[in-house]
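The values are calculated or read from the model by the stated rules, or taken from the named source; none is laboratory data. Since this is a predicted model, take the numbers as computed values, not measurements. Here the Cβ is made from the backbone with ideal geometry for all residues, glycine too, and neighbour counts use every protein chain on show.
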Amino acid sequence: MKYIIGAFICLGLAACKGAGTSEIKDTSYIDKRGNQHKFLGIIPDSLRTTEQANLIDKLNEISIKYTYVKNNHMVFDLTKEEFVKLGIPIRFYETFKKNIADNNSYFDANGIKNADKMLAERNKEYELSRHGATP
């Protein structure tokens with residue numbers, strides 16, 4: 001259960017459609033070897049372009065900085081306008097909002113009462129992974 005939040009966010013981000021080149025567009029993503037991938041999150045770390053890796057890092061940072069738990073529900077505390085000012089395509093904002101709504105529905109449907117602890121653990125694991133440590 002400790003990976004549910006991270007999994008939902010990652011799956012949601014992976015579901016965002018991208019580009020016919022390594023740039024962020026609308027249909028698919030191309031890795032360093034020229035292989036086409038339907039979802040950004042499917043591309044192995046070693047094959048991501050610098051732009052793709054930077055986008056994923058930025059999305060993770062935004063998730064950590066602007067997501068919190070209130071009354072056992074996740075809240076994404078960033079407006080569309082603020083999100084776009086960070087230089088990220090609006091479709092990712094919509095995905096964040098949908099993933100959070102899906103997470104909250106899952107918590108309610110399955111009686112999960114520790115969303116705050118799960119989010120804190122996910123954030124801690126991400127920070128450890130950024131510094132080369134394992135949780």
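Among residues of region 85-99 that are over 12 Å from E61 (Cβ atoms), those with a beta-carbon under 9 Å from a residue that is outside any helix (DSSP H, G or I) and of a type in the set (S, T, Y) at least six positions away or on a different chain give the pairs Y93/T79; F96/T67. Total residues in region 57-78 satisfying the condition of being exposed (fewer than 13 other Cβ atoms within 10 Å of the Cβ), at pLDDT 95 or above and either among the polar types (S, T, N, Q) or farther than 21 Å from D116 by Cβ (or both): the figure is 1. For region 110-135, the tally of residues that are over 23 Å from L40 (Cα atoms), surrounded by 14 or more Cβ atoms within 10 Å (Cβ to Cβ) and among the hydrophobic types (A, V, I, L, M, F, W, C) stands at 4. Residues that are within 15 Å of the chain's Cα centre (by Cα), surrounded by 12 or more Cβ atoms within 10 Å (Cβ to Cβ) and outside any loop (DSSP other than H, G, I, E, B) occur in region 102-109; there is at least one. Number of residues in region 60-84 that are free of Cβ contacts under 8 Å to residues at least 24 places away in the same chain and assigned to a helix (DSSP H, G or I) equals 8. For the condition among the basic types (K, R), farther than 19 Å from N104 by Cβ and under 10 Å from the mean Cα position of the chain (by Cα), K38 does not qualify.
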